[in-house]
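The values are calculated or read from the model by the stated rules, or taken from the named source; none is laboratory data. Keep in mind that what you see is a predicted model, and the values were worked out from it rather than measured. Quick reminder, even Gly has a Cβ in these numbers, built from the backbone with ideal geometry, and neighbours come from all protein chains shown.
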Amino acid sequence: MSNSFPSPFEIEGPEGVEGWEELYPYSSSFSDYRKDYEDNRFWFWDSMHWGKALTPWDATFMEAALASLSQMNSRHYRIPPADGVDFRILYGYAFLSPVGVDPSNIEARVPQFMERAGHYFGNWDDLYDSWLGKVKTTIGEIESIDFSPLPEMEDLEVITGGTALGSGGKLMSEYNRFRDLIMHAWQYHFEFLNLGYAAYLDFFGFCKEAFPSIPDLGIAKMVAGVEVDLFRPNEELKALAQKAVDLGIARNFDDPNNVSLDGDAGAEWTAAWDVAKDPWFNFTSGNGFYHFDKIWVENPDIPYTFIKDYIARIEAGEDISRPIEAIREERDRVVSEYRELLGSDEDREAFDGKLGLARVVFPYVENHNFYIEHWTMSVVWRKLKELGATLAKDGLLANADDLLFIRRDEVHEVLWDYYANWAVNAPTASAAHWAPIIERRRAIHAKLDAWKAPKALGAPPEVITEPFTIMLWGITSESVNNWLGSDEGAENELTGMAASPGTVEGIARIIYEPDEVNDLQQGEILVAPITAPSWAPVFPKIQACVTDIGGMMSHAAIVCREYGVPAVTGTGFGTDKIKTGDRIRVDGSSGKVTIL
Amino acid sequence: MCESCPIVDWEHELPTVRYFTARKVDADMTEHIVWFDRYEQAHKPFVGGKNASLGEMMMAELPVPPGFAITTVAYDQIWQDADLVTQVNDLLRSIDHDDFAANRAISEQIRSLIEAAPMPAAVATDIREAYAALCAHCGVDDIPVAVRSSATAEDLPDASFAGQQDTFLWVVGADAVIENVRKCWSSIFTDRAIAYRHSMGYLHQAIAMSVGVQKMIDPISSGVAFTLNPTNGDRSQVAIDASWGLGEAVVSGEVTPDNFLVDKVLREVIKREISDKGMEYCLTDSGAVEKLEITGERRTTPAVTDEDLTAIAILARRAEKHYGCPQDVEWALDKHLPTGDNVVMLQSRPETVWSQKPKTSVSSGGYDPMKSIVSTLVSPLHKKSE
């Protein structure tokens with residue numbers, strides 16, 4: 001077992017990708033200029049969020065997310081031990097590195113943190129209400145962005161109103177506004193998240209001290225919300241399935257690609273669909289970070305397939321409703337039993353306080369994912385595609401999706417070309433200029449995408465203490481040691497986080513792409529790099545779930561706990577070692593997966 | 001004759017004072033029989049410590065094998081026979097406390113007298129009726145029972161030397177029950193018990209004997225459970241040891257039992273160590289206990305299922321809640337009860353190791369949310385999660 005991962009400067013990428021760095025901003029590449037800094041850090045591939053090679057635009061959202069996360073830690077709340085999470089792109093893949101605060105500076109940040117974070121904890125509910133308002137407004141503003149083609153002639157009002165400002169300039173303004181709003185959304189994403197994790201971790205740490213062997217699940221169960229927006233899309237599907245049965249049009253969903261909704265019953269069902277879809281079906285089949293993620297409203301065959309499954313279960317006499325009362329009772333039981341087992345009234349007071357705060361912050365932790373990754377990003381991708389279509393229509397680009405291969409800063413030049421030559425009414429240069437570049441970049445990207453990035457780079461720290469790294473990515477000192485030793489590890493065993501308890505044996509099915517989710521057969525074990533919230537409808541079908549990456553707050557862990565399905569997350573190599581059809585045993589209580 | 005011997009008091013008081021007036025008991029108590037599932041605190045002086053604890057377990061809704069206590073009121077009836085009292089006192093008076101061999105012979109004579117004395121008719125009838133009711137309850141004619149002495153010695157610190165606390169296993173039929181009840185009664189006068197009372201200066205009449213009659217358990221497997229994690233004192237877990245057959249094998253340490261850790265709250269098995277179990281104690285058809293070698297796969301087959309473990313953990317937790325402190329319980333899986341409902345508890349007593357350690361507070365002073373969060377963020381989390 002070696003005690004270090006390869007240096008980022010030693011990694012040999014795939015053949016024939018020379019110049020791959022041009023797909024991304026230079027600030028995101030490893031470089032000789034910062035070699036000393038970069039070579040002495042630990043970098044892990046964030047395959048949980050960015051498992052595929054990034055196009056320039058996919059990279060934009062990675063960079064926006066990491067900068068926003070970092071800024072909240074370092075500049076807003078002054079989290080005492082943690083600055084940001086640094087990020088680089090190596091051969092198309094996102095590598096992250098938590099940045100700790102110099103120990104001698106931690107103390108000075110404590111009063112700053114107490115004042116700033118204290119304000120948020122003290123006014124959480126009001127601030128969260130205002131957050132929901134801000135986010136919905138932002139989504140509305142993004143929706144309102146006008147990327148339509150430049151007109152042949154300005155509207156008469158421009159003349160009669162004496163505004164003088166024309167559509168070409170406005171298009172460039174709209175693009176700037178688009179970029180600003182994206183940055184707003186990502187700052188909102190992290191406005192509460194890190195603080196929410198901190199409050200959760202405080203309760204978590206208390207429980208681990210009071211009950212040294214308490215499973216993470218026990219803690220999560222006490223805090224988890226009963227009615228959660230993130231589960232709402234799935235609940236809406238169930239209601240629509242029930243409605244189809246009640247209206248006698250269940251058979252219309254037999255072929256999800258060809259659903260007829262004619263007639264009165266169909267119209268009544270469609271009316272219900274229209275109410276549910278906005279906003280709940282602005283829901284992506286992936287994690288929202290990639291241009292290829294499919295959004296339910298734009299791909300109704302995806303929700304129709306789930307509805308078809310639910311119809312079958314209703315017709316088989318199954319009760320598919322979410323047992324809210326039972327879930328609430330179970331949560332209350334777990335809380336009261338742990339509380340009762342504490343040693344003193346003083347401990348119970350602290351327990352009540354910490355649990356109370358964790359529950360106040362938790363709706364945000366659970367729900368932000370729907371509002372940003374799903375709803376906001378659905379609209380963002382739609383708008384970006386609109387811009388691509390406009391540029392293709394007016395001959396600036398050969399194809400609408402060429403835009404994905406033009407960096408966000410380069411788009412300004414395309415828009416200038418568009419504007420100037422629309423103004424002059426002369427030929428544009430963009431199509432010819434970009435054709436060879438895009439061809440080259442597409443080829444590079446395809447090669448990068450076929451390449452497998454290393455799990456980690458550089459020297460692992462002695463201990464990993466950055467709380468968010470542990471909580472969200474499930475990266476602990478133990479898991480890093482596992483990665484280091486994986487070459488010598490038992491071929492048929494994997495260890496990860498004991499994310500949801502229970503032991504089962506069954507047949508594995510590897511799912512790499514959201515589109516493959518419907519291949520899952522009743523009783524199989526889902527093995528995936530990660531899972532997405534929109535896969536929830538298949539969870540009742542599966543026996544267990546294994547993921548390569550993800551901590552106790554990862555989606556797989558949350559959903560498995562919700563459905564009582566055993567889960568081991570953050571195994572590192574699940575999709576490498578396990579093959580579809582393998583018989584495996586998943587022990588979600590100890591975090592072990594065995595290939596039988 | 002022994003000058004300081006308290007027998008004199010007995011002899012002196014008996015003719016005028018009711019036998020156990022000295023024990024300040026509730027004079028309203030007249031019952032010969034108290035069923036375990038009808039036990040109340042007020043019965044305790046009449047049923048003895050062991051029966052009281054079974055009754056209390058029933059009150060806590062713990063699945064104790066069904067049965068009843070024959071109260072000390074019944075025991076007192078035998079001393080209504082003045083001849084018996086005189087004969088016993090004569091024998092006690094003849095004791096030379098330095099001559100152990102002679103004492104043993106006298107003890108045996110006293111015990112024979114008690115065992116041969118006619119049982120008062122009302123007592124015998126009540127015992128027969130209670131046994132018949134137990135048979136009917138279990139749906140078995142002549143149900144095999146365990147007959148146990150359960151001494152009571154109010155005001156005395158330790159009744160354990162009251163008798164040998166005899167237990168007679170696999171007693172079948174009303175006649176055999178009655179015979180063994182008499183044996184339990186007479187066990188108050190074992191040589192050891194006589195010598196103990198003598199050396200402690202206790203009155204012989206300070207001790208009375210109740211007898212427990214309880215359905216025999218024929219265990220598939222049995223073991224013990226601690227209502228905390230013995231390695232770190234974590235009270236959210238139950239540690240369970242289990243092995244095949246009677247609990248004797250586990251208690252005596254003759255086998256390394258399977259060892260499990262069950263989460264009390266989540267009701268999940270979180271750790272299991274299956275050991276190679278080489279032997280077991282079993283009951284033969286005649287009720288004798290025999291030691292058998294275990295062969296083949298059964299040696300390394302878990303002695304309990306996950307469902308059994310969850311049931312044991314829930315019951316152990318119930319005992320802990322009822323008694324208000326961590327418990328050390330003995331349990332068994334009965335062969336003759338339906339699966340899923342076959343866990344029985346034989347005993348529950350306070351856990352002594354962790355309970356005696358000083359309790360450390362995890363909240364360390366008053367709760368201040370912000371200070372607490374800062375300390376969580378600053379102190380490495382991994383330390384807490386290890």
Problem - Pairs with Cβ under 7 Å, 6+ apart, first in segment A:267-290 and surrounded by 15 or more Cβ atoms within 10 Å (Cβ to Cβ), second assigned to a strand (DSSP E or B) and modelled with pLDDT under 95 - result: A:ASN282/A:ILE295; A:PHE283/A:ILE295; A:THR284/A:ILE295
Fill in the blank from the handout: Of B:ILE217, B:ILE240, the only residue that is assigned to a strand (DSSP E or B), aliphatic (A, V, I, L, M) and away from every other protein chain (no Cβ under 14 Å) is B:ILE240
Handout entry: Enumeration of residues in segment A:221-253 that are over 17 Å from A:PRO537 (Cα atoms) and in a loop (DSSP other than H, G, I, E, B)
Key = A:ALA224, A:GLY225, A:VAL226, A:LEU247, A:GLY248, A:ILE249
Exercise for the section: Return yes or no: is A:ASP352 out of contact with any strand residue (DSSP E or B) (no Cβ under 7 Å at 6 or more places or on another chain) and without any contact (Cβ under 8 Å) to a residue 24 or more places away in the chain? Expected result: yes
Completion exercise
Of A:GLU191, A:GLU143, A:GLU174, A:GLU152, the only residue that is among the acidic types (Asp, Glu), more than 26 Å from A:SER68 (Cα to Cα) and more than 14 Å from chain B (Cβ to nearest Cβ) is A:GLU152
Fill in the blank from the handout: Filtering strands (runs of 3 or more DSSP E) wholly in segment B:278-358 for at least 3 residues that are in contact (Cβ under 8 Å) with a residue 40 or more places away in the chain gives B:327-334, B:343-350
Fill in the blank from the handout: A:GLY523 passes all but one of the listed conditions (1) on the phi > 0 side of the Ramachandran plot; (2) surrounded by 22 or more Cβ atoms within 10 Å (Cβ to Cβ); (3) without any contact (Cβ under 8 Å) to a residue 60 or more places away in the chain; the exception is number (2)
Practice task
Could you tell me which residue of segment A:89-106 is surrounded by the most Cβ atoms within 10 Å (Cβ to Cβ), considering only residues that are within 14 Å of another protein chain (Cβ to nearest Cβ) and outside any helix (DSSP H, G or I)?
Solution key: A:PRO98
Handout entry: Selected residue (criterion: farthest from B:PRO63 (Cα to Cα)) from residues of segment B:322-335 that are out of contact with any Pro (no Cβ under 6 Å at 6 or more places or on another chain) and exposed (fewer than 15 other Cβ atoms within 10 Å of the Cβ)
Key = B:GLY324
Practice task
Can you tell me which residue among B:SER199, B:SER149, B:SER187 is in contact with an Asp or Glu (Cβ under 6 Å, 6 or more places away or on another chain), under 28 Å from B:ASP99 (Cα atoms), part of a helix (DSSP H, G or I) and modelled with pLDDT under 90?
Solution key: B:SER187
Exercise for the section: Filter segment A:489-511 down to residues that are in contact with an Asp or Glu (Cβ under 9 Å, 6 or more places away or on another chain) and free of Cβ contacts under 8 Å to residues at least 60 places away in the same chain, then give me how many there are. Expected result: 1
Exercise for the section: Select from segment A:194-221 the residues that are over 24 Å from A:GLY118 (Cβ atoms) and more than 7 Å from every other protein chain (Cβ to nearest Cβ) and list them in ascending order. Expected result: A:ASP216, A:ALA220, A:LYS221
Completion exercise
All-but-one check, A:PHE362 against (1) over 30 Å from B:ARG235 (Cβ atoms); (2) modelled with pLDDT under 90; (3) hydrophobic (A, V, I, L, M, F, W, C), failing number (1)
Completion exercise
Over segment A:31-88, the set of residues free of Cβ contacts under 8 Å to residues at least 40 places away in the same chain, farther than 27 Å from A:LEU384 by Cα, crowded, with 19+ Cβ neighbours inside 10 Å and touching a strand residue (DSSP E or B) at 6+ places or on another chain (Cβ under 9 Å) is A:ASP83, A:GLY84
Exercise for the section: Scan segment B:283-299 and give yes if some residue there is out of contact with any Cys (no Cβ under 7 Å at 6 or more places or on another chain) and within 14 Å of another protein chain (Cβ to nearest Cβ), otherwise no. Expected result: no
Handout entry: Hits in segment B:323-355 (condition: within 14 Å of another protein chain (Cβ to nearest Cβ) and either within 25 Å of B:ALA52 (Cα to Cα) or touching a strand residue (DSSP E or B) at 6+ places or on another chain (Cβ under 6 Å) (or both))
Key = B:TYR323, B:GLY324, B:CYS325, B:PRO326, B:GLN327, B:GLU351, B:SER355
